[in-house]
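Reviewing the structure listed below.
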């Protein structure tokens, strides 16, 4: 009779010592990854370096000079998308097993004309990116990352704030002594987007006689000496603030990992490692992992999941593997494909139990989360996986002893969210969201369990075996 009930236990329960060592090793590697992958561009750089170490060859999209397609290759698009492909022992006609994640995270972008003197300080004007609680970004150390292109065509990579000797930047809050009116306001009214100005400097040259913009001029002089840039170069630059806080273990037992960007770089890392560790099965589907940009703002643009990048990748394969293929073959392959939208879900937060439904929301440490549907309230904007696919996937997980749990984004009427899944589902392939539970999601310092990270890694490896 006991077998009739669904009993859920945490991942660490009865875990063997050799598995515990694997959990710790994977977590150490992830912390190193997360400390370097602070933006989409730096994520692509770290991912591509790892792929090369594992024998993957970089090729260009629609590379005319490419005579033979490697069995293991990757394509970078606009330095913000990456697709890595393993065709070993695979027949492309059987379809593809896709692991799809996103590498963008909520942040604070600089406006195009950002430098302004306000009172006695030089400030950066900003425009936040993605869904954030604005107050969480005040009074924390920020690092500046990005790309500046000079008029001469020189590309300058900016990274200031994460090294011990670097300065950091701060968006200052109002002192509690003057906040009597402020604390009575709603959160979204107390701190507005136009108030997220970061301090960039406070002094000027003693030899400068001009009364206006002396502080700005002094700062620009520093930047010109270091990078060779002028203020006009900011107008076309791509610069963003991210927390200058290193990821690290949390809790006496070191069971949790605190850091910026778990959503969704934890899933990106786990899916990357799954592909690198994957041993191709004979006559199986091809294995592909795609890393997208722009998920946090709706997946629009040339590097978001609404783009045709996935079609381009399949076309690249067909061009070399099938003679005289027809354009509709792309559609045929996608209809035979399986997809995991490797994205996170919200973990139950004991400080706010009123917004969670304990029986159906995910918990830290209980394994990777299968999210049958996303969306908000009445499943608005959702992609919902069908039961046949869930049965096939969970049966494979059972074979490989993968610890998993179900999850939804809080109580029905509390809110909700979306993922890449619905933009891939339009091709008719099987799609389900499957990723880590995250606490304090979209904050500058999120929490995950190292056991869930390991569970996601094993789940993604198991998924790649699907036929």
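Overview of values
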| item | result |
| --- | --- |
| Surface/4 of the Cα convex hull for region 332-390, nm² | 5.5 nm² |
| Where only alpha carbons of region 107-243 are counted, the Rg and the Dmax (Å) | 16.0, 51 |
| The chain - share of DSSP beta bridges that are antiparallel (%, nearest 5) | 70 percent |
| Diffusion coefficient, µm² s⁻¹, Stokes-Einstein with Kirkwood Rh over alpha-carbon pairs of region 1-141 at 25 °C and 0.890 mPa s | 121 µm²/s |
| Euclidean distance between Cα centres, region 203-232 to region 330-374, Å | 50 Å |
| Extension gain, residue 127 back to residue 357 (0.36 nm per residue minus Cα-Cα distance, nm) | 79.4 nm |
| With Cα atoms, 0 to 90° folded angle of helix 262-277 axis to the chain main axis | 40 degrees |
| Difference of contour (0.36 nm per residue) and Cα-Cα distance, residue 227 to residue 109 | 40.5 nm |
| Relative contact order of region 135-216, pairs being alpha-carbon contacts under 8 Å that are 6 or more residues apart, as % | 24 percent |
| Reciprocal mean inverse distance between Cα atoms of region 8-52 - Kirkwood radius, Å | 12.4 Å |
| Relative contact order, percent, region 198-250 [alpha-carbon distance under 8 Å, six or more residues apart] | 21 percent |
| Cα centroid of region 6-26 to Cα centroid of region 402-467, whole Å | 19 Å |
| Cβ-Cβ FRET estimate between residue 325 and residue 182, R0 fixed at 56 Å, reported to 0.05 | 0.35 |
| Segment residue 52-residue 281, extension gain: residue separation times 0.36 nm, minus the distance between their alpha carbons | 80.3 nm |
| Nitroxide proxy distance, nm - points 7 Å out along Cα→Cβ at residue 24 and residue 189 | 5.3 nm |
| Folded to 0 to 90 degrees: helix 309-321 orientation relative to the chain principal axis, Cα | 50 degrees |
| Separation of the residue 173 and residue 302 label points, Cα + 7 Å toward Cβ, nm | 4.1 nm |
| In nm, spacing of pseudo-spin labels at residue 119 and residue 205 (7 Å Cα→C-beta vector) | 2.7 nm |
| Förster-model FRET efficiency, 35 Å R0, residue 411 and residue 248, C-beta, rounded to 0.05 | 0.65 |
| Residue exposure sequence - 462, 246, 119 - by fewest surrounding Cβ within 10 Å | 119, 246, 462 |
| 15 Å cut-off, amide nitrogen to a point 7 angstrom out along residue 35 Cα→Cβ, residues in region 54-80 | none |
| Area projected by the alpha carbon convex hull of region 379-448, averaged over all directions, nm² | 6.0 nm² |
| Highest-first arrangement of 420-426, 180-186, where packing means the average Cβ count within 10 Å | 420-426, 180-186 |
| Cβ crowding within 10 Å averaged over residues, with 83-94, 24-35 ranked highest first | 83-94, 24-35 |
| Projected-area mean, region 230-297, by convex hull of Cα positions, square nanometres | 8.6 nm² |
| Crossing angle, helix 40-53 versus the chain [Cα axis fit, 0-90 degrees, rounded to tens] | 50 degrees |
| Relative exposure of 323, 265, 107, 377, judged by other C-beta atoms within 10 Å (fewest first) | 323, 377, 107, 265 |
| Square roots of five times the Cα gyration tensor eigenvalues for the chain, Å | 40, 29, 19 |
| Relative contact order for the chain, counting Cα pairs under 8 Å that sit 6 or more residues apart, in percent | 22 percent |
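Laboratory data are not the source of any read-out in this text; all were calculated from the coordinates shown. These numbers come from a predicted model, not from an experiment. All Cβ positions, even for glycine, are placed from backbone atoms using ideal geometry, and neighbour counts span all protein chains on display.
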